[in-house]
Amino acid sequence: MSGTAQIGVTGLAVMGRNLARNFARNGYTVAVHNRTTAKTDALVEEFGDEGAFVAARTPEEFVAALERPRRLVIMVKAGEPTDAVIQEFAPLLDEGDVIIDGGNAHFEDTRRREKELRGRGIHFVGAGISGGEEGALNGPSIMPGGSAESYASLGPMLEKIAAKAKDGTPCTTHIGPDGAGHFVKMVHNGIEYADMQLIGEAYQLLRDVAGYSPAQIADIFRTWNTGRLDSYLIEITAEVLSHVDAATGKPFVDVVLDRAEQKGTGRWTVQIALDLGVPVSGIAEAVFARSVSGHADLRDASRHLAGPTARKLREDEAPAFADQVEQALYASKIVAYTQGFHEITAGSEQYDWDIDLGKVAAIWRGGCIIRAAFLDRITSAYEAQPDMPSLLSDKSFAEEIAAAQDDWRTVIATAVAQGVPTPAFAATLAYYDSLRAERLPAALTQGQRDYFGAHTYHRTDREGTFHTLWGDDKSEVEN
């Protein structure tokens, strides 16, 4: 078997299979391999007419089928399975070849693998891929990290198979060295968690407070999707809410158990934010909301807890409240993205990645789960001010939140009064208020820390580090 394939994919579950088909549909000859050869044979038999595939039954055959420099995409489970595949294939590769991990790997694992393989002269690319199985086939958003040399070899191929924004720009770019791509994909997923939770809270308010049915709420979401909330998640929310269960005739959402699952990337986003000292409260509350939903025993044991006397709005009051919910959802969404971009900035500084936030926003405009119309404006904002400290520093977004804040506050106050949990709405508003506050209670916190632990503090009126001797005279000393 001679080297005729421009790229290879090993790991032919749904994502790997569809990614291989995407490459083939775009004119590339694709070597395909799977640990169980039945999947390899099935792909070629079922989809062989879509392009040129080279079926390989062994790792040696697979590597031999690839042109130099070899480009090998791994699409297996993150963690030990990925390490096992790397250990299997790396000895068969030569200097200058490229291994691409397209799974949801932790960025620290990617940094370790990139360093190890770099020492052997092999390029390692951690490529975050968003868009699910449909995106893998028809055009995902791709977030590759790794060396500039690896992107020179791989980038044109990724740009061809990636989704295209409305202006035709491919939804992929070289994010930065080693783990930068998987870091950005992690934060993308954290924003996704927040976005989904905010949409869920909006749904709950429209149903439990405004009294709308799921079908009516679907129509509201369809209307929102024609305006500034235009996004993939709003679009599919309308589809889910309008779906009727065939077996019972009930709304689909009423027959689904209300326990949300998670695969870990949202949790990683919060954990790493804590390590970096970055406040991502909206994302964190979305992660915790999924955790709360999964504690069935705790929820069952708490059914006796008292709550307020709830009152659904009158029919004539509901439309105005729905408009207020739209304002709250939009403002909270801006804050969630703000927090995500802040974490990317902090990660870029910590690991010396030099990530271009404008390019990140640009490649999220198509293919990925959080694609949304307002990412065009985020892209423009960062292109105009690359060193912008916060998305809320952008005048247009700040003005929109200012215009939305009264309704945002009213919605949260109504939710509290009615006993409807809105942790992400509340957390994003608290973040907004914290940023605009002239003084925060952290001064008191520092005083407490100095009292019980001599942790010292800084003063507002002069430089230096100080400690109060908390005895009778409470004298102050400079450290």
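The values are calculated or read from the model by the stated rules, or taken from the named source; none is laboratory data. Every value quoted in this text rests on a predicted model; they were computed, and no experiment measured them. Neighbour counts run over all protein chains shown; Cβ positions are idealised from the backbone, glycine included. Heavy atoms of the whole protein, side chains included, go into the accessibility calculation; ligands, DNA and RNA do not. Shrake-Rupley method; radii C 1.70, N 1.55, O 1.52, S 1.80 Å.
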How many residues are part of a helix (DSSP H, G or I) and in contact (Cβ under 8 Å) with a residue 12 or more places away in the chain when one looks only at segment 248-290? 22
On the given criteria, is Asp254 acidic (Asp, Glu), over 30 Å from Val187 (Cα atoms) and open to solvent by less than 90 Å² (accessible area, probe 1.4 Å)? yes
Subset of segment 42-60 that is over 14 Å from Val85 (Cα atoms) and open to solvent by 60 Å² or more (accessible area, probe 1.4 Å) - its residue that is nearest to the chain's Cα centre (by Cα): Glu46
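Go through segment 193-244 and give me each residue that's among the charged types (D, E, K, R) and within 23 Å of Arg409 (Cβ to Cβ).
Matches in segment 193-244: Asp195, Glu201, Arg207, Asp208, Arg228.
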Tell me whether segment 116-126 contains one or more residues that are aromatic (Phe, Trp, Tyr), within 22 Å of Ala5 (Cα to Cα), open to solvent by less than 30 Å² (accessible area, probe 1.4 Å) and modelled with pLDDT of 95 or more. yes
Can you pull out every residue in segment 327-344 that is under 16 Å from Phe397 (Cβ atoms) and not small (Gly, Ala, Ser)? Gln327, Leu329, Tyr330, Lys333, Ile334, Val335, Tyr337, Thr338, Gln339, Phe341, His342
Need at least 2 residues that are among the small types (Gly, Ala, Ser) per element, so show me which helices (runs of 4 or more DSSP H) inside segment 29-121 make the cut, counting only ones lying wholly within it. 37-47
Answer from Asp387, Asp323, Asp300 - the residue that is modelled with pLDDT under 95, open to solvent by 70 Å² or more (accessible area, probe 1.4 Å), among the charged types (D, E, K, R) and part of a helix (DSSP H, G or I): Asp300
Residue check for His174: open to solvent by less than 10 Å² (accessible area, probe 1.4 Å) and either modelled with pLDDT under 95 or not acidic (Asp, Glu) (or both): no
From the set of residues in segment 275-290 that are of a type in the set (Gly, Ala, Ser) and under 30 Å from Tyr351 (Cα atoms), which is surrounded by the most Cβ atoms within 10 Å (Cβ to Cβ)? Gly282
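Residues checked against (1) modelled with pLDDT of 95 or more; (2) open to solvent by 50 Å² or more (accessible area, probe 1.4 Å); (3) part of a loop (DSSP other than H, G, I, E, B):
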{"position": "Ile142", "(1), (2), (3)": "yes, no, no"}
{"position": "Asp178", "(1), (2), (3)": "yes, no, yes"}
{"position": "Lys185", "(1), (2), (3)": "yes, no, no"}
{"position": "Asn189", "(1), (2), (3)": "yes, no, no"}
{"position": "Gly200", "(1), (2), (3)": "yes, no, no"}
{"position": "Leu205", "(1), (2), (3)": "yes, no, no"}
{"position": "Ala210", "(1), (2), (3)": "yes, no, yes"}
{"position": "Glu235", "(1), (2), (3)": "yes, yes, no"}
Pick from segment 1-28, criterion part of a helix (DSSP H, G or I) and not hydrophobic (A, V, I, L, M, F, W, C), ranking: surrounded by the fewest Cβ atoms within 10 Å (Cβ to Cβ): Arg25
Within segment 70-77, can one find any residue that is touching a Leu at 6+ places or on another chain (Cβ under 9 Å), under 17 Å from Ala136 (Cβ atoms) and of a type in the set (D, E, K, R)? yes
Unmet requirement for Val63, which otherwise passes all of (1) under 13 Å from Gly11 (Cα atoms); (2) surrounded by 15 or more Cβ atoms within 10 Å (Cβ to Cβ): (1)
Scan segment 144-164 for residues that are aliphatic (A, V, I, L, M), without any contact (Cβ under 8 Å) to a residue 60 or more places away in the chain and either touching a Ser or Thr at 6+ places or on another chain (Cβ under 9 Å) or not in a helix (DSSP H, G or I) (or both) and report the count. 1
Of the residues that sit in segment 377-405 and are of a type in the set (D, E, K, R) and in contact (Cβ under 8 Å) with a residue 12 or more places away in the chain, which one is farthest from Val280 (Cα to Cα)? Glu383
Looking at Gly358, Gly366, which one is under 21 Å from the mean Cα position of the chain (by Cα) and not in a helix (DSSP H, G or I)? Gly366
When Ile100 is run through (1) buried (at least 24 other Cβ atoms within 10 Å of the Cβ); (2) farther than 15 Å from His182 by Cα, the failure sits at (2)
Residue list for segment 405-428, restricted to those being within 19 Å of Lys312 (Cα to Cα), in a helix (DSSP H, G or I) and open to solvent by 10 Å² or more (accessible area, probe 1.4 Å): Asp407, Arg409, Thr410, Ile412, Ala413, Thr414, Val416, Ala417, Gln418
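Out of Gln262, Gln271, which single residue is under 21 Å from the mean Cα position of the chain (by Cα), at pLDDT below 95 and surrounded by 12 or more Cβ atoms within 10 Å (Cβ to Cβ)?
Answer to the check: Gln262.
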